[in-house]
Amino acid sequence: MPWCACRCPDGIARVGSAAFSEMRNAIFATVAQRAIRAMANNIFLHLHNMDLSFHLTRQTGALARALDRGNKGISFFLSSIIFNIVPTIFEVGLVAGLLGHRYGSLYAGITVSTVAAYTAFTFGITAWRYGHDGGNSRSPSDGLRLAQSISLERRYGQHQIPARDERLGQCRGQQGA
């Protein structure tokens, strides 16, 4: 069999896989960013509508940082569940089913147990790493600086919130979304 007959289908499959992956990311990015922007805007408006005693008695900056991390976490969670975990489970199940049908349940069991062991190992190492780091890479002054900027914006810039949201929507529209 000629070299090209073996390599060309593989190359076409790889290019197709990369192209579909990029299209998937482009479509999902628009949807995810719109949803996250709407949620973040609602939280931002809710924080601005709280009374002054709330902002004086709590660490608003730390709360805002936690909300920002929550937005990023939601985006990561949705994209990883929808586009990585579910297809991987489907693919492993499909391969295990084919191996079990063709070569017996022992091979299917080995395949599933290998993937399960790798997953457990990865989760264990990740938990161990986060246990040692503990998220202490930020200083307490980060929350204070953010609280002060929120306080200043609350005093002087609250009337600009709808205009800012409108500008963000216009920017999104100019990007073709």
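The values are calculated or read from the model by the stated rules, or taken from the named source; none is laboratory data. For clarity, every value in this text was computed on a predicted model and none was experimentally measured. Quick reminder, even Gly has a Cβ in these numbers, built from the backbone with ideal geometry, and neighbours come from all protein chains shown.
Might you let me know whether the range 53-67 holds any residue that is assigned to a loop (DSSP other than H, G, I, E, B) and either in contact (Cβ under 8 Å) with a residue 40 or more places away in the chain or among the polar types (S, T, N, Q) (or both)? Yes: the range 53-67 contains one or more residues that are assigned to a loop (DSSP other than H, G, I, E, B) and either in contact (Cβ under 8 Å) with a residue 40 or more places away in the chain or among the polar types (S, T, N, Q) (or both). When every residue of the range 145-159 is checked against the conditions, none turns out to be more than 24 Å from the chain's Cα centre (by Cα), surrounded by fewer than 10 Cβ atoms within 10 Å (Cβ to Cβ) and modelled with pLDDT of 90 or more.
So that you can scan it fast, the table gives a plain yes or no per residue for (1) loosely packed, with under 11 Cβ neighbours inside 10 Å; (2) of a type in the set (Gly, Ala, Ser); (3) touching a Gly at 6+ places or on another chain (Cβ under 9 Å):
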| position | (1), (2), (3) |
| --- | --- |
| Asn42 | yes, no, no |
| Leu45 | no, no, no |
| Asp51 | yes, no, no |
| Leu63 | no, no, yes |
| Gly70 | no, yes, no |
| Phe76 | no, no, no |
| Thr88 | no, no, no |
| Val92 | no, no, no |
| Val95 | no, no, no |
